[in-house]
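Have a look at the structure below before the remarks.
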Amino acid sequence: MRSEVTGPAGSVTPAPGADAPVGRGAELDLLIRAFTDASAPTLSVVLVVGEAGMGKTLLVRHALAGSGALAVVAEGDPAEIDLDFGVIDQLVRRSPLDGSVVGDLVPLAGTDPLVAGAALMRFVDGLALDRPLVVVVDDAHWADRSSLDAMTFAARRLRADHVVLCVACRPEGVDRLPAGLARLVDSSRRIELQPLDTAAVGALAARVTGGPVPAGAAERLREHTGGNPLHVATLLRELPPGALVAGERLPAPRSYAMLVLGRLAACGVATRRLVEALAVLERRPALTTVMATAGLEPASDDGTAALDGALAAGLVVLVEQPGERSLVFAHPLIG
């Protein structure tokens, strides 16, 4: 006997249009098509990749609202990355199921992920769906490995009606995905969220401030924030009226500044000197110039440790070019 899953219990209420992601029209259209394409194979896997603040969650939420699909959403969490089947537990408990069967579907800690995946596969195959089912794992870079392995096993073997697995993660999280899951992602179903261009930054700024923003101010804001929509919106909410067009030096958003200062404070003295030296030099200086300004010898233990510490903290990026090694901040806001 197949389980019936119908009605609005797992649906997503459309979000207000004013909240729609700016500058993501093509990506939004692609994602909606992936969620609703009736000609797709039995199961399709969509991967949404973007740095923190690029709008992965907002994009997926609006695509779900626009697709009318039945959706079940779980989020990875750094505090639960070692919790066996934490993500699957979320998915099962948030699904539109009779509460009496939920407990039987959550794997016990220590269960073989392949056994858990087989049970998940049989369950989804047994559902009677009146529309596409979209299973979303947001912040998958923090998802527990047992859930990812179980979902990969199920995804490779599902025979149910149209089901989509949507995985959203940061670039560094892609390598954490099981190889079998990554192979299921067709190149046309991988969406990479790039920084916003000047026009999109201007449109976002106009939305936040409630008025038009000159193109020059929008470009300055784009360069300052690296086109990160979260940083753009956060900074604009903190700036006093008129500061954007007054030509004053733009600060970093307070929340981001505190994050960077916290990382820097956790570094060693030599690393802090290296980062401070980079901050006072011209754009993209040679590594040897930064080391000399910081009073460090590149080949010394202190110099090597300082560079390794700054790289590990995510504060700087080493740019390798023929005959030259230069250093840049990992994000424009850091400098």
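What does the net charge come to around Val22 if you take all other residues with beta carbon closer than 11 Å to its beta carbon, with K and R at +1 and D and E at -1?
Every neighbour counted, the sum reads 0.
Kirkwood Rh over Cα pairs of region 143-245 into Stokes-Einstein at 4 °C, 1.567 mPa s: D in µm²/s?
78
Please compute one quarter of the surface area of the Cα convex hull for region 53-184 and express it in square nanometres.
Computed as one quarter of the Cα hull surface, the answer is 8.0 nm².
Give the average over all directions of the projected area of the C-alpha convex hull of region 266-335, one decimal, in nm².
If you wrap the Cα atoms of region 266-335 in a convex hull and average its projections, you get 4.3 nm².
For the peptides 273-281, 67-75, what is the packing order when you average, over each peptide's residues, the other Cβ atoms within 10 Å and list the highest mean first?
Peptide ranking by packing, descending: 67-75, 273-281.
Can you give the relative contact order of the chain as a percent, counting alpha carbon pairs under 8 Å and 6+ residues apart?
It comes to 17 percent, rounded to a whole number.
Rounding to the nearest 10 and keeping the result within 0 to 90°, find how far the Cα-based axis of helix 229-238 lies from the longest principal axis of the chain.
60
In nm, to one decimal, how far is the modelled label at Ser300 from the one at Glu276, with both set 7 Å along Cα→Cβ?
For the pair Ser300/Glu276, the computed spacing is 1.6 nm.
Roughly what would the spin-label model give for Thr209 and Ala312, points 7 Å off Cα along C-beta, in nm?
Rounded to a tenth, the inter-label distance reads 4.2 nm.
Rounded to the nearest 10 degrees, what's the angle between the helix 215-225 long axis and the longest principal axis of the chain, both from Cα atoms, 0 to 90?
80
What's the Kirkwood radius of region 201-335 in Å, using all Cα pairs?
With all distinct Cα pairs of region 201-335 included, I get 16.1 Å.
Quick one: plug the Kirkwood hydrodynamic radius of the chain (C-alpha pairs) into Stokes-Einstein at 20 °C, 1.002 mPa s, and report D in µm²/s.
My calculation gives 96 µm²/s for D.
Using the alpha-carbon atoms, what tilt in degrees (0 to 90, nearest 10) does helix 25-36 show relative to the longest principal axis of the chain?
In the chain, helix 25-36 runs at an angle near 20 degrees to the longest axis.
Roughly how large, in nm² to one decimal, is the mean projection of the convex hull of the alpha-carbon atoms in region 161-202?
4.6
For region 113-163, treating each Cα as an identical point scatterer without solvent, what Debye log10 I(q)/I(0) comes out at q = 0.17, 0.27, 0.28, 0.29 1/Å?
Each listed q corresponds, in turn, to -0.52, -1.06, -1.09, -1.12.
Rounded to the nearest whole Å³, what is the per residue volume of the convex hull around the Cα atoms of region 198-254?
68
So what is the calculated 222 nm ellipticity per residue for the chain, using -39500 (n - 2.57) for each DSSP H run with n of 4 or more, over all residues, to the nearest 500 deg cm²/dmol?
After summing the helix terms and dividing by residue count, I get -12500 deg cm²/dmol.
Just so you know, all these numbers are worked out from the coordinates, no wet-lab data involved. Because the structure is a prediction, the values reported are computed rather than measured. Cβ: placed from backbone, ideal geometry, glycine included. Neighbour counts: every protein chain shown.
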